[in-house]
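**Q** Dropping the structure in here first, questions after.
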């Protein structure tokens, strides 16, 4: 497995090896021992799978508070996304900054987002399927969000705000400066 460094080193892009021939391909997309050797020694307890039927679907920016905070390992099995992680650790030198990467079925990359980051993505293609592992169970009482298009964050989502497709819940998140529950 290859690691591609990002500007915030705690967030990592991983590229599993993929072996193909005339029949198709084989890839080991998750191996706990291999990830531990790469510095990601986490136990994932839940897998999630989402389908976004349209291009420009924004699912963002989400996180869970301790004790239910989650690391995430995100991959795309069909289509493509721009995956975004925002540092919400108040004591961090990169607090309030974000990193992003294109994750797609074609490039076979994954993104590891550790605890202390808000996470989101926008679909770059219709019918995009995202599969991700988390290190803690979903807890509605601990779930929080930040407004995806807050100018204070300056995230370039690559989509016109008027064309973005959002859930009702994602339109109601507070801005970054008003999000009191951060790390």
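The values are calculated or read from the model by the stated rules, or taken from the named source; none is laboratory data. On a predicted model such as this, the values are computed, not experimentally measured, just so you know. Here the Cβ positions follow ideal geometry from the backbone for every residue, glycine too, while neighbour counts run over all protein chains shown.
Yes/no matrix, rows are residues, columns are (1) at pLDDT below 95; (2) touching a helix residue (DSSP H, G or I) at 6+ places or on another chain (Cβ under 8 Å); (3) more than 25 Å from residue 18 (Cβ to Cβ):
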position	(1), (2), (3)
133	no, no, no
143	no, no, yes
153	no, yes, yes
181	yes, no, yes
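**Q** Tell me which residues, restricted to segment 1-52, are under 23 Å from residue 92 (Cα atoms), touching a residue at least 60 places away in the same chain (Cβ under 8 Å), in a loop (DSSP other than H, G, I, E, B) and in contact with a strand residue (DSSP E or B) (Cβ under 7 Å, 6 or more places away or on another chain).
**A** Those that are under 23 Å from residue 92 (Cα atoms), touching a residue at least 60 places away in the same chain (Cβ under 8 Å), in a loop (DSSP other than H, G, I, E, B) and in contact with a strand residue (DSSP E or B) (Cβ under 7 Å, 6 or more places away or on another chain): 6, 7, 8, 11, 40.
**Q** Would you mind stating whether residue 160 is more than 25 Å from residue 35 (Cβ to Cβ) and at pLDDT below 95? Walk me through it before giving the result.
**A** Working: more than 25 Å from residue 35 (Cβ to Cβ): yes; at pLDDT below 95: yes.
Considered against the rule, which asks whether it is more than 25 Å from residue 35 (Cβ to Cβ) and at pLDDT below 95, residue 160 comes out as yes.
**Q** Which of the residues spanning segment 103-144 are part of a strand (DSSP E or B) and within 22 Å of residue 175 (Cβ to Cβ)? Give the steps one after another, and end with the answer.
**A** Taking segment 103-144 as the starting set, the residues that turn out to be part of a strand (DSSP E or B) are 103-104, 110-113, 117-123, 128-134, 143-144.
If the condition is that a residue be part of a strand (DSSP E or B) and within 22 Å of residue 175 (Cβ to Cβ), then 113, 117, 118, 119, 120, 121, 122, 143, 144 are the ones that fit.
**Q** Those residues that are touching a strand residue (DSSP E or B) at 6+ places or on another chain (Cβ under 7 Å), free of Cβ contacts under 8 Å to residues at least 60 places away in the same chain and part of a loop (DSSP other than H, G, I, E, B), I need them from segment 83-102; list them, please.
**A** Hit for segment 83-102 is 95, nothing else.
**Q** Moving to a separate point now. Residue 147 passes all but one of (1) outside any loop (DSSP other than H, G, I, E, B); (2) crowded, with 19+ Cβ neighbours inside 10 Å; which number fails?
**A** Unmet condition: (1).
**Q** Taking the options 85, 118, 126, name whichever one is crowded, with 20+ Cβ neighbours inside 10 Å and more than 12 Å from residue 10 (Cα to Cα).
**A** Working: 85 fails: more than 12 Å from residue 10 (Cα to Cα); 126 fails: crowded, with 20+ Cβ neighbours inside 10 Å.
Residue meeting the stated conditions: 118.
**Q** If you don't mind, there's one more thing I want to ask. Collect the residues in segment 172-183 that are outside any loop (DSSP other than H, G, I, E, B) and in contact (Cβ under 8 Å) with a residue 12 or more places away in the chain, keeping them in residue-number order. Spell out how you get there, then give the answer.
**A** So the first thing to find is which residues in segment 172-183 are outside any loop (DSSP other than H, G, I, E, B), and the list is 176-178.
176, 177 - these are the residues of segment 172-183 that are outside any loop (DSSP other than H, G, I, E, B) and in contact (Cβ under 8 Å) with a residue 12 or more places away in the chain.
**Q** Picking from 56, 69, which residue would you name as being touching a residue at least 40 places away in the same chain (Cβ under 8 Å), over 10 Å from the mean Cα position of the chain (by Cα) and on the phi > 0 side of the Ramachandran plot? Reasoning before the result, please.
**A** Numbers: 69 fails: on the phi > 0 side of the Ramachandran plot.
Checking each option against the conditions leaves just 56.
**Q** For residue 59, are the conditions met, namely being crowded, with 17+ Cβ neighbours inside 10 Å and part of a loop (DSSP other than H, G, I, E, B)? Walk me through how you get there before you give the answer.
**A** Working: crowded, with 17+ Cβ neighbours inside 10 Å: yes; part of a loop (DSSP other than H, G, I, E, B): no.
Here the answer is no, as residue 59 does not meet what is asked.
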